[in-house]
Each structure stands twice: as C-alpha cells, then as structure tokens.
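Structure first, commentary second.
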Ligand SMILES: NC(=O)c1ccc[n+]([C@@H]2O[C@H](COP(=O)([O-])OP(=O)(O)OC[C@H]3O[C@@H](n4cnc5c(N)ncnc54)[C@H](OP(=O)(O)O)[C@@H]3O)[C@@H](O)[C@H]2O)c1
C-alpha cells in the first residue's frame, strides 16, 4: 500500500504553548542505517509536564525535531531494516526518545533499541499505558537504587528493604509500587491523597500516608525516626521532595524523577544520603521483560481514560490535573 506524503498530527506551537491539529505534517522516511523503523501509530499518550520540556530545555531537543508531543506509542511496523527483528506487520509498543519528534501523528519513527513486541494479551490502550512509566520505575528501582531484579539470585535481600514512593497513585508511582512488590521489597510505603489509599494498597503497598492529612517531614522524624526508609523514590518534586529528606535513613538513597533533590534539601539537614535526579532511557528489551510480568499477572497497566484524536486537548487537560488520575491518558490516533 502506498504511503501518504502528509499526515495529521498534533502540533505544539512553542511560541504561545498552544496545541492544534495540522493535516500537512510530512510522513517521515526512516533511516535504516540508524536502525529507524516507520510505525503506523494506533495509540499515543501524553506525560504530565511534557509541554514544558521543549520550551524550558530547547537545547535538549534534536535540531530537526518537529514540535509534535507524546512519546509513548503502540502501533504496527510499516518499514524496517531488512535484518530487524521488528519486520513490517509486527505489533509494537515503546517510548520514543523525547528529544525527537513525538508520536501524536499517524506515522512515526522508532529506533530498534526502543521497540518491544506487543503481547497479544495487551490491547493498544493498555500497551501504550506502559513504556515511559514502567521503564522509569524499573530503571530507578533496579539499575539505580541497588535493589535486586525480580528473579535474580539476590532477590531475597530486598525483603530487608523499606521503600517510600511519593506520587504512589500516579502513572510512574503505581509501577514503582507494583515492581517493588514483585521484587519482594519487605516494606512498601506510598504517599498519596486520601481517595487513592485503597488503590495504592491494592497495588502492593503495606502502608499509605495521606499527603493531605499528614506532613511527610514530621512523619519521617516522628517516634525516633522509626518510619525512615532505605530508599525514597520521588515522583512529585517540589515541597514534597523537600520533605522526603527527613524520611531517609542515614546512608540511604533519595531518587527523584521530577526535580534535583539538592535544590529542595532543608537548610538544616545533616546526614549522609545518596541523592540524584534521574531521567529514563528508552529500552525495548526492558519493556519486554516488564510485559512478561504483566502476562504472568504479577502487575498491570492502568488506563485512566481514552480520547479520540480530535479530543487531544481534553486529554492534555486531564493529564495536567496532576492529581486524581488512575493511570495513563490515552489518545486514539487510528480509530
Ligand atoms: N525523569 C523521568 O525520566 C520521568 C519519567 C516519567 C515521568 N516523569 C515526571 O514524573 C512526574 C510524575 O509523573 P506521573 O506521570 O506519574 O504523574 P501523575 O500520573 O499525574 O501523578 C501525579 C501524582 O502526584 C500526586 N500528588 C499530586 N500533588 C501532590 C502533593 N502535593 N503531594 C504529594 N503527592 C501529590 C498525585 O496523587 P493523588 O492523585 O493521590 O492526588 C499522583 O499520584 C511528572 O513530573 C513527570 O514529568 C519523569
């Protein structure tokens, strides 16, 4: 089937931060030498805060990036390098690197190392709800914080760990809770709003702290510091991240995927805490490993809502609520 030369896409006007649909965006040609694949997009998904990235960090964006948002997608490969394991017709899902043009368009480019085969048991919406959130959770827990990977010989050591997750009901946090549970972490504590307490417990948390009722800093310092944890995984940033410093044990780890922890360190903090801001790297093989856990019924993606392409603005408005969502917001690109 001949491919169209132009396509519909959501266009992000960086001057006034407006989104609109355009119908004349070029269909890209994959560069096979760079292991690029052309993918027919079925579903895509925005991330909380993503519209600020090309405006605040233009130097992190590729020079030829067209400002089209959404870098999570599920779709079908249309063109591939001859020796790729993702041949035309293969159902795939992935996070495409945010420095490149995004996936809120009919045809997009994905690199082989980003791609994962979509299991038949996952629909287009569920598959698209996974890449960014699940890979971020996996990388922070198992590549960066020293926890043993599920199934590894040292996994029993995770039993002795106590972990706090802020934003535990959010898209990233819900994966952190689930993967920590799968990895056998002994004590999982979630920070979430009162309406999400039951949800976060159902994901595997032993304890949930309501951020609207309890001051996290006071909670961390109370009763001689018995609440303190070995690892804080922060998905909220700002003031909540500042309060996290009081919740880490001496010698513990504080990771944020939202802000640089040192920026919010209380002036009077004394202690030895390894801390850093982390940005995920798209990794298709990792995504396939997580999908295997989903197929075994050990964890699952959550879809908050599904919107038609023309309803893109409603989808973004919902994501920007930053509270009360129950999973990823999905945009159907192909009806
Ligand atoms: N660095 C990276 O590689 C990376 C990757 C993915 C995402 N991110 C970033 O991570 C952040 C979270 O993304 P997400 O997709 O998980 O967001 P999300 O789905 O919108 O979740 C936001 C979470 O924050 C909680 N929350 C809101 N206000 C709070 C407060 N004042 N105190 C404590 N918790 C509060 C919400 O709880 P309730 O719903 O219970 O109110 C919810 O659980 C975003 O800034 C995103 O850009 C970074």
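What follows draws every value from the coordinates through simple rules; no lab data is involved. Treat the numbers as computed from the prediction; the structure is a model and nothing was measured. Cβ sites come from the backbone with ideal geometry, for glycine too, and all protein chains shown count toward neighbours.
Please check: in the Gaussian network model of the chain (C-alpha springs, under 10 Å), which one of 56, 275, 195 has the largest mean-square fluctuation.
Looking only at 56, 275, 195, the largest GNM fluctuation is found for 56.
Just want to confirm a number: the relative contact order over the stretch 134-277, from Cα pairs under 8 angstrom separated by 6+ residues, in percent.
Over the stretch 134-277, the number comes to 19 percent.
Please figure out what share of the DSSP beta bridges in the chain is antiparallel and state it in percent, rounded to the nearest 5.
50
At 222 nm, what value in deg cm²/dmol follows for the chain if DSSP H runs of at least 4 each add -39500 (n - 2.57) and the sum is divided by all its residues, to the nearest 500?
-5500 deg cm²/dmol
For the stretch 134-277, max minus min Cα coordinate along each principal axis, in Å, sorted largest first?
41, 34, 28
At a threshold of 8 angstrom on Cα-Cα distance, excluding pairs fewer than six apart, so keeping six or more, what relative contact order does the stretch 20-114 reach in percent?
Worked out over the stretch 20-114, it gives 37 percent.
Got the relative contact order for the chain handy, in percent, Cα pairs under 8 Å and 6 or more residues apart?
The normalised contact order for the chain reaches 17 percent.
Cut-off 10 angstrom, C-alpha nodes, Gaussian network model of the chain. Which of 82, 112, 221 fluctuates the most?
With Cα springs under 10 Å in the chain, the top fluctuation among 82, 112, 221 is at 82.
Where the centre of each part is set by its Cα atoms, how far does the stretch 9-27 sit from the stretch 279-335, in angstrom?
Measuring centre to centre over Cα atoms gives 22 Å.
Does anyone have the angle between helix 284-295 and the longest principal axis of the chain? Alpha-carbon axes, 0 to 90°, nearest 10?
Helix 284-295 sits at roughly 70 degrees to that axis.
So what does log10 I(q)/I(0) come out to for the chain at q = 0.13 Å⁻¹, using the Debye formula with one equal point on every Cα and no solvent?
So the normalised log intensities work out to -0.96.
Given points 7 Å out from each Cα along the Cα-Cβ axis, report the residue 326 to residue 296 separation in nanometres with one decimal.
2.7
Report the extension gain between residue 268 and residue 22 in nm, rounded to one decimal, defined as 0.36 nm multiplied by the number of residues separating them, less their alpha carbon distance.
Here the segment from residue 268 to residue 22 would lengthen by 83.4 nm.
Among 200, 182, 92, which one moves the most in a GNM of the chain with springs linking Cα atoms closer than 10 Å?
182
Quote the FRET efficiency, to the nearest 0.05, computed for residue 144 versus residue 2 with a Förster distance R0 of 51 Å and r equal to the Cβ-Cβ distance.
Result of the calculation: an efficiency of 0.65.
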